[in-house]
Amino acid sequence: MSGPLAGLRVLEFAAIGPVPWSCMILADLGADIIRIERPGSEREPDTLGAVRRGRRLLTLDLKSPQGRDAALQLAARADVLVEGLRPGAMERLGLGPEAAMACNPRLIYGRMTGWGQTGPLADRAGHDINYIALAGALHAIGPADRPVPPLNLVGDFGGGGAFLLIGLLSALWQRASSGRGQVVDAAMVDGTAALMAMICSRLQMGQWKDERASNPLDGGVPWYGTYRTSDGRFVAVGALEPQFYEELLDRLGLTGQVPDRREPARWPELRDRFAEIFATRTRDEWAAHFSGSDACVSPVLSLSEAPGHPHLAHRGTFASGTSGAVPGAAPVFDGVRAPMASPSRAATWQEAAAAWSADSR
């Protein structure tokens, strides 16, 4: 293994959403990960694909004494343990923080849930859309007439997986001086709320309306949004600052011909004018027209188109996976992007134990 996290041992208990995504990031950065899966999971459809890369896959029946003991042996040799079950589930298996950290007091025990380990909703079911709804984020996203789910990017990965990673790496830093492990309680509802800090602050300062499509960043202004082009595709416009807006008008041939943007009552007129002009050319024609410009206009690329964009290709943002291009490792360190972790492979208990033996560090 190579990368800034080379040598870090992570024991991952199979879960959905943010846990495998977080472990993908750790694997790409060099961590040595053993993922414990339940018997029979190998016969189920793989919904993770490249997200499951970079692991040894070990099948254990955690409801059996043998499976539990094997998992505890690995926990005793790990730096980090990550699980995403409902509160209390790991304790019922005999694998909760108390049991695992009795074997390894230096263990960082990461817990990923939607609602958190405590609180009235802690034991309730939920998904990304529920967590971001309660945190206020969903209310702010979408057109004026209804909220729109932003895929599962905000709750699962932004508010969940990213904050789990922050918690794990922060606990590892503290362990370097204290010598002790600790439990990281990462809740998607907490992380989502943290993501909304700037918006909440603007609301409190009177700089944000608590209504969708009424603000600069939610499509409320004509110079920050998307417009349909003549081929039925879209361009994204983000000309917030005055100098970028002036360049947008110049490139569209509208300098001195449209209402002052400081007059909100005339924004519908301005939006219609933008829509009329953008509808006269194809998406790619507009992309070429705005090439080299600071007007902040970009083509809205599909998932299959994005890997082929020259900028992303130059940076190596995407890498070649077994079934096509997939997002590669991020971020970049000292100008070098870490290679994407290799595909996962099945491992026996003997192989896993030997790999994580005391003298294998």
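No value in this document is a laboratory result; all are computed from the given coordinates. These figures come from a predicted structure and were not determined experimentally. Positions of Cβ are backbone-derived with ideal geometry, glycine not excepted, and every protein chain shown enters the neighbour counts.
Worth a mention:
- Loop-located trypsin sites (Lys or Arg not before Pro) in region 186-268 (DSSP state not H, G, I, E or B) with no more than 11 neighbouring Cβ atoms inside 10 Å: R262.
- For the chain, relative contact order (Cα pairs under 8 Å, six or more residues apart, normalised by length) works out to 17 percent.
- The chain: most fluctuating residue of G181, G155, G232 per GNM, C-alpha cutoff 10 Å: G232
- P(r) for the chain, from all Cα pairs and a bin width of 20 Å, is 25, 49, 23, 3 %, short bins first.
- Cα centre as origin, Lys/Arg/Asp/Glu Cβ charges: region 224-302 dipole, Debye: 240 debye
- The Cβ shell under 14 Å around P242 holds other residues with a net charge of -4, Lys and Arg each +1, Asp and Glu each -1.
- Ranking P39, F13, A50 by Cα position along the charge dipole of the chain, where only Lys, Arg, Asp and Glu carry charges on their C-beta atoms, puts P39 farthest toward the positive end.
- Under the Debye formula (equal points on every Cα, no solvent term), log10 I(q)/I(0) of region 34-75 at q = 0.34 Å⁻¹: -1.20
- The Cβ shell under 15 Å around A50 holds other residues with a net charge of +3, Lys and Arg each +1, Asp and Glu each -1.
- Sorted by Cβ neighbour density within 10 Å, fewest at the top, the residues T59, T229: T59, T229
- Of P259, P150, P18, the one that fluctuates the most in a GNM where the chain has Cα springs shorter than 10 Å: P259
- Descending semi-axes in Å of region 253-314, equivalent ellipsoid built from Cα gyration tensor: 29, 12, 11
- Within the chain, DSSP assigns beta bridges of which about 35% are antiparallel (rounded to the nearest 5).
- Gaussian network model of the chain, Cα within-10 Å springs - most flexible of D123, D334, D260: D334
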